[in-house]
Amino acid sequence: MMPRALAIVVLLVAALARVAAAQCPSEGDCREVHETPGCELPECCAIVCKQNPLCCEQTWDALCVEIALNECEGINCPNDGSCDEPKQTPGCADFGCCDFISTFDGWCESASWDEICVVEKGLLCGVEPCTISVAGVTLDENEPCYERLNDGCAVGFESGRIALPDGARMRGRISGGGPRDTDWFALDGATRRRFRLEIESEFPAELQLLEGDCEGVTETPWLVGMPLCEGPQSLVFLVGAGTTNLILGAGSDARAIRAGIDCDEIDPDNPPAPDDPPPLQIYGLKWTLSLAPRDRGDIDGDGDVNAVDLAALLGAWGDRDEGEPFDPRLPDADLDGDGRVGAADLAILLGDWAS
């Protein structure tokens, strides 16, 4: 039988451990003295209170701060500096946002809180994840999230591309991991054409147009990020003749997202080990989209060539500013692709109007 004194010590240690667990995380900067127990950084709080349980029972005193400064190296959320301003050091003062962004963009916590971290903060912090409905969307990409079957040039020339029927709506999924998951849609054609894309996703979506064959010279005319959890989004764009791909991935127009959308299926050829962490799913995996062809003269993509399109063309008349970045979210009136809007484009629009 355990001696009574030893039993009391064991119970006291267990009680202190429960208190420590209950106070991590808590309010207060781990690097500064404060009256309340615990601190706001979960990892650091746990490290400190394991060494000194009183830090999570009574107050976060100078000894707790000393342990934090010595033992919590490399944990940079929170850190000095506003999350709204870029800086050379990693992390920022808002723990919640810093920790959230760093979950899927480790650069922001380990290297520097750069301009892209600031953009990601503005786009994603405070935005609640959403779930989209795929009910009634019968056309499926048929790609398990642990496979890379529709990734075009991204994983080798043998990977496939999706030939989506005109106007048909498809559903699919994107997941993180390596290699990065992307879905490639083939828009090859012999002539210059316009498309209207409608898309909805449960993750921050990155879209880019890639012109050219995998084995030759390629060019990316544009790459854009779509708003998260604001319902279906549309994009109207022109595609030149030849081999062209529309690529869907997770991210923004600044940086790809490779974490936070882990696959939720078990790969039978590579099952997880018993001690592997569970999938990290900040965002859902699902997307739906359609690609509908339009007349080149249908600048706004509404299905009609009319006075609205004519006004857009006349408003864009002249040479395109070479220094101005191209944005497919703006009406593109360069119908023949020569770099300027002029009489040739007007003739195309009027021809489509008449038809």
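The values are calculated or read from the model by the stated rules, or taken from the named source; none is laboratory data. Since we're looking at a predicted model, the values are computed, not measured. Glycine also receives a Cβ, built like all others from the backbone with ideal geometry; neighbour counts cover every protein chain displayed.
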| request: Output the number of residues of segment 137-167 satisfying the condition of being modelled with pLDDT under 90, part of a loop (DSSP other than H, G, I, E, B) and not aromatic (Phe, Trp, Tyr). | output: 4
| said: Can you tell me which of (1) in contact with a Leu (Cβ under 9 Å, 6 or more places away or on another chain); (2) surrounded by 14 or more Cβ atoms within 10 Å (Cβ to Cβ) is the one Leu314 doesn't meet? | reply: (2)
| task | May I ask you to list the residues in segment 284-311 that are among the acidic types (Asp, Glu) and either surrounded by fewer than 16 Cβ atoms within 10 Å (Cβ to Cβ) or within 29 Å of the chain's Cα centre (by Cα) (or both)? | result | Asp300, Asp302, Asp304
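Just name the residue that is surrounded by the most Cβ atoms within 10 Å (Cβ to Cβ) out of those in segment 42-78 that are outside any helix (DSSP H, G or I) and of a type in the set (A, V, I, L, M, F, W, C).
Trp60
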| field | Count of segment 260-295 residues which are within 30 Å of Val341 (Cα to Cα), touching an Asp or Glu at 6+ places or on another chain (Cβ under 6 Å) and either in a loop (DSSP other than H, G, I, E, B) or not hydroxyl-bearing (Ser, Thr, Tyr) (or both) | value | 2
| query | Among Ser159, Ser133, which is polar (S, T, N, Q) and either buried (at least 21 other Cβ atoms within 10 Å of the Cβ) or more than 18 Å from Glu202 (Cβ to Cβ) (or both)? | reply | Ser159
| said: I want to confirm something. Restricting to segment 262-278 and keeping residues that are closer than 22 Å to Glu143 by Cβ and among the charged types (D, E, K, R), which single residue is surrounded by the fewest Cβ atoms within 10 Å (Cβ to Cβ)? | reply: Asp269
| Just one of Gly81, Gly38 is assigned by TED's automatic domain parsing to the domain that holds Phe100 and within 36 Å of the chain's Cα centre (by Cα); which is it? | Gly81
| task | Tell me which of these Asn142 doesn't satisfy, since it passes every other one: (1) free of Cβ contacts under 8 Å to residues at least 12 places away in the same chain; (2) within 19 Å of the chain's Cα centre (by Cα). | result | (2)
| remark: Scanning segment 30-41 for residues that are in a loop (DSSP other than H, G, I, E, B) and not small (Gly, Ala, Ser) gives Cys30, Arg31, Glu32, Val33, Glu35, Thr36, Pro37, Cys39, Glu40, Leu41
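Listed here are the residues, each with its yes/no results for (1) buried (at least 16 other Cβ atoms within 10 Å of the Cβ); (2) modelled with pLDDT under 95; (3) outside any strand (DSSP E or B).
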residue: Arg180; (1), (2), (3): yes, yes, yes
residue: Phe195; (1), (2), (3): yes, no, no
residue: Leu209; (1), (2), (3): yes, no, no
residue: Asp213; (1), (2), (3): no, yes, yes
residue: Val217; (1), (2), (3): no, yes, yes
residue: Gly225; (1), (2), (3): yes, yes, no
residue: Cys229; (1), (2), (3): yes, yes, yes
residue: Val236; (1), (2), (3): yes, no, no
| remark: Inside segment 328-355, the number of residues satisfying the requirement of being in a loop (DSSP other than H, G, I, E, B) and under 19 Å from Arg192 (Cβ atoms) is 13
| message | Go through (1) within 30 Å of Glu202 (Cα to Cα); (2) in contact (Cβ under 8 Å) with a residue 40 or more places away in the chain; (3) of a type outside the set (S, T, N, Q) for Pro279 and report which single condition fails. | response | (2)
